[in-house]
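The block underneath contains the structure these notes are about, expressed in structure tokens.
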Amino acid sequence: MVEKVRAAGAKPFVTDTNTLYSGSRHNAVDHLTTAIEHGFDFSVVRAPLIISDGLRSQSIAEVEIRQKHFKSVKIGSDIVSADSMIVMSHFKGHIMAGFGGAIKNLAMGCAPAAGKKDQHYPTSPHVVEAKCIGCGRCVEICPVGAASLEGDVSRIDPGICISCGQCMEVCPESAIDINWEEDIPEFLECLTEYAYGAVEGKESRVGYINFLLKITPDCDCVPWSDAPIVPDIGILASTDPVALDQASYDLVNRQKGLVGSALECNHEAGADKFKGIWSKIDGTHQLEYAEKIGMGSREYELIEV
């Protein structure tokens with residue numbers, strides 16, 4: 001990809017933004033180190049790596065969008081400065097979005113920590129006391145100290161919580177929950193508006209590639225993986241992120257689910273695989289909303305090459 005971009009006369013660079021949650025991508029120094037350790041080095045990809053929101057995620061540009069939830073969104077300043085983008089996304093499941101593709105990659109991948117917090121604001125994790133065993137894993141993982149142990153039960157302070165979702169990921173008893181019916185549709189709309197802002201001003205200068213390979217039940221942001229839920233399908237490309245994600249979603253669902261994967265149901269061809277993992281989430285709401293605000297169309301034509 002780098003070679004093709006350079007051959008077209010452009011100056012390619014690889015980019016990402018720092019994470020809201022704790023870990024090895026929370027600041028640019030750790031982030032760059034992690035990227036290099038995973039092969040995203042100039043000597044390998046032949047392009048420099050730039051963390052677009054700076055050392056401590058404070059290099060931010062406000063992009064006006066005038067949408068339902070946000071009048072403007074916060075995007076990594078170097079992404080805004082770039083003339084064009086190639087958005088390369090691994091298509092997979094996600095604990096809060098149902099699935100992650102080009103739209104989610106744009107939204108989270110182009111936003112600084114403050115922008116990621118904006119997107120998560122509709123969700124408010126709380127502890128289900130009857131399930132809590134007081135193991136303290138939520139306390140250990142919380143990046144802002146919102147979780148604490150009171151006796152044998154965890155507590156989450158909503159005034160401190162940044163809704164990053166790490167506590168939900170690590171809880172062994174699924175004792176941390178959110179209001180799925182009310183919080184998730186609004187979260188998906190916020191996410192989609194950020195995706196809209198990430199490409200604002202780059203009309204006709206963005207290309208999208210989805211990798212439908214090793215389609216895992218969880219997002220790549222978690223520090224583990226799991227067996228794919230369907231066989232590998234291939235690589236899709238488009239200039240329309242909505243059509244691309246819709247086609248990716250449909251192709252996954254056409255497959256037979258793999259036995260022994262995280263799929264709890266919907267193994268048959270044609271059944272919704274992502275609801276077979278995350279039954280409380282309708283991830284297609286991001287597609288509906290993206291089409292509504294003019295990001296693209298859910299209609300598509302598949303051309304095999």
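Values as computed for the structure displayed
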{"item": "Residue 78 vs. criteria open to solvent by 40 Å² or more (accessible area, probe 1.4 Å), in the same structural domain as residue 228 (by the TED database) and part of a helix (DSSP H, G or I)", "result": "yes"}
{"item": "Among residues of region 82-141, those that are in a helix (DSSP H, G or I) and among the basic types (Lys, Arg), counted", "result": "4"}
{"item": "Test set (1) open to solvent by less than 60 Å² (accessible area, probe 1.4 Å); (2) β-branched (Val, Ile, Thr); (3) closer than 30 Å to residue 229 by Cβ - residue 153 fails condition number", "result": "(3)"}
{"item": "Unmet criterion (only one of (1) in contact with a helix residue (DSSP H, G or I) (Cβ under 8 Å, 6 or more places away or on another chain); (2) modelled with pLDDT of 95 or more; (3) closer than 28 Å to residue 292 by Cβ; (4) surrounded by 20 or more Cβ atoms within 10 Å (Cβ to Cβ)) for residue 230", "result": "(3)"}
{"item": "Hits in region 247-305 - residues which are without any contact (Cβ under 8 Å) to a residue 40 or more places away in the chain, part of a helix (DSSP H, G or I) and open to solvent by 70 Å² or more (accessible area, probe 1.4 Å)", "result": "254, 288, 292"}
{"item": "Of residues in region 185-219 being surrounded by 18 or more Cβ atoms within 10 Å (Cβ to Cβ) and at pLDDT below 95, the one nearest to the chain's Cα centre (by Cα)", "result": "219"}
{"item": "Candidate set from region 5-20 (those that are open to solvent by less than 50 Å² (accessible area, probe 1.4 Å) and in a loop (DSSP other than H, G, I, E, B)); member that is modelled with the lowest pLDDT", "result": "20"}
{"item": "Enumeration of residues in region 115-134 that are under 13 Å from residue 164 (Cβ atoms) and open to solvent by 40 Å² or more (accessible area, probe 1.4 Å)", "result": "117, 121, 124"}
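The values are calculated or read from the model by the stated rules, or taken from the named source; none is laboratory data. Keep in mind the model is a prediction, meaning the values are calculated, not measured. Ideal geometry is used to build each Cβ from the backbone, glycine not excepted, and the neighbour counts take in all protein chains shown. Ligands, DNA and RNA are stripped out before the accessible areas are found, and what is left, the full protein with its side chains, is counted by its heavy atoms. Shrake-Rupley method; radii C 1.70, N 1.55, O 1.52, S 1.80 Å.
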